[in-house]
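First the structure, in the form of structure tokens, and then the observations on it.
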Amino acid sequence: MSYQVPEPKIFTCTQSAKLSEKIAESFGSNLGNVIFSRYSDGEFQPSFEESIRGMRVFIIGSTNPSSENLMEMLLMLDAAKRASARHITAVMPYFGWARQDRKDKPRVPIAAKLVAKMLEAAGATRIITMDLHADQIQGFFEKPVDHLFASTLFLPYLNSLNLNDLTIASPDMGGSKRAYAYSKALGCDVVICYKQRAKANVISHMELIGDVDGKNVVLVDDMVDTAGTLTKAADLMMARGAASVRAITTHALLSGDAYEKIEKSQLSELIVTDSIPLKKESKKIRVISCAELFADVMHRVHHNTSISSKFLM
């Protein structure tokens, strides 16, 4: 008697509902039925309203702060484990708390590793995520991690712009590897910004390594938070003679007065994915959806086929 592999079920955390709907549609499925009950003090409880016994489930949710987004994912994973799901994949377009991936001074946590261990303890048997702040975070997990790159989305868009004298830029030394990968794919030069911070999210000084005179510059980064680094780098490059400056960043955190900084800056365009929903619209921000990318990878994972073609770099 042959065993028919059941189709997987896709569920969403509340924060990523819109993206999850797009992913499910691209996957050719509907979102599963899950409800959240809330107590008056803010405590909440997810409940799967359909059987998932023996099935593969995908739970989609970015875990950007506040910590409620992470807690939602953990409770959903635990509920799926206790409901006897066979495979439980945490689909995390944005893996939050990733900037705390090492001890950069005494007596601080390594939050990225703590989050990895919590996800595994809660019941995740696989992780799918995109553009981790540091590739090494994959080593914090004992479960398989599919680490996708938004370059599969951004490179076709950059090629469609047909920019002359294109130059790729990294807004800091830490992003130089990513910038070199883009430059290799596009066959262009690289420049790097060197910055010093007075404290977190506050830049005290920035210098430019390389020539941008007459160039169309594209800044490349994994995330944009307060937008201080990107806007300061854009203004510096325009002052050094750049023809135009645009930026591509995978995760649009955009906290504080980030939107105002972007509007007032020399950036001609900020291209982001919808891994995190925008708080508001901006004429300078273009969103490229990552839904088809995640849907395709989820399909391949379910059918145990290779996803290597999704790694452009």
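The values are calculated or read from the model by the stated rules, or taken from the named source; none is laboratory data. What you are looking at is a predicted structure, and each value in this text was computed from that prediction instead of being measured. All Cβ positions, glycine included, derive from the backbone under ideal geometry; neighbour counts span all protein chains shown. Just the protein is used for accessible areas: all its heavy atoms, side chains included, with ligands, DNA and RNA removed. Shrake-Rupley method; radii C 1.70, N 1.55, O 1.52, S 1.80 Å.
For the stretch 138-169, the set of residues classified as in contact with a helix residue (DSSP H, G or I) (Cβ under 9 Å, 6 or more places away or on another chain) and open to solvent by 70 Å² or more (accessible area, probe 1.4 Å) consists of 142, 143, 159, listed by residue number. Residue 45 meets the conditions (1) within 19 Å of residue 15 (Cβ to Cβ); (2) open to solvent by less than 40 Å² (accessible area, probe 1.4 Å); (3) of a type outside the set (D, E, K, R); (4) not in a helix (DSSP H, G or I) in every case but one. The failed one is (2).
Could you check, for the stretch 14-37, whether at least one of its residues is among the basic types (Lys, Arg), outside any loop (DSSP other than H, G, I, E, B) and closer than 21 Å to residue 83 by Cβ?
Looking through the stretch 14-37, none of the residues is among the basic types (Lys, Arg), outside any loop (DSSP other than H, G, I, E, B) and closer than 21 Å to residue 83 by Cβ.
Of all residues in the stretch 136-163, those that are of a type outside the set (Lys, Arg) and without any contact (Cβ under 8 Å) to a residue 40 or more places away in the chain total 14. Going by the structure shown, is residue 307 touching a Lys or Arg at 6+ places or on another chain (Cβ under 6 Å), open to solvent by less than 70 Å² (accessible area, probe 1.4 Å), at pLDDT below 95 and aliphatic (A, V, I, L, M)? For residue 307, the condition - touching a Lys or Arg at 6+ places or on another chain (Cβ under 6 Å), open to solvent by less than 70 Å² (accessible area, probe 1.4 Å), at pLDDT below 95 and aliphatic (A, V, I, L, M) - is met. Pairs linking a residue in the stretch 280-298 that is touching a residue at least 60 places away in the same chain (Cβ under 8 Å) to a residue that is part of a loop (DSSP other than H, G, I, E, B) and surrounded by 15 or more Cβ atoms within 10 Å (Cβ to Cβ), with Cβ atoms under 7 Å and 6 or more positions apart or on different chains, are 289/274; 290/93; 290/150; 290/274; 290/275; 294/93; 297/307.
From 135, 131, 104, 78, which residue is within 13 Å of the chain's Cα centre (by Cα), of a type in the set (Asp, Glu) and open to solvent by 30 Å² or more (accessible area, probe 1.4 Å)?
That would be 135, the only listed residue that is within 13 Å of the chain's Cα centre (by Cα), of a type in the set (Asp, Glu) and open to solvent by 30 Å² or more (accessible area, probe 1.4 Å).
Scanning the stretch 254-271 for residues being under 21 Å from residue 157 (Cα atoms) and either touching a Ser or Thr at 6+ places or on another chain (Cβ under 7 Å) or buried (at least 20 other Cβ atoms within 10 Å of the Cβ) (or both) gives a total of 5. Checking the structure you have, find out if any residue of the stretch 113-135 is out of contact with any His (no Cβ under 8 Å at 6 or more places or on another chain), among the hydrophobic types (A, V, I, L, M, F, W, C) and at pLDDT below 95. Yes: one or more hits.
State whether one or more residues within the stretch 205-212 are open to solvent by less than 60 Å² (accessible area, probe 1.4 Å), modelled with pLDDT under 95 and either under 27 Å from residue 58 (Cβ atoms) or not aliphatic (A, V, I, L, M) (or both).
Looking through the stretch 205-212, at least one residue is open to solvent by less than 60 Å² (accessible area, probe 1.4 Å), modelled with pLDDT under 95 and either under 27 Å from residue 58 (Cβ atoms) or not aliphatic (A, V, I, L, M) (or both).
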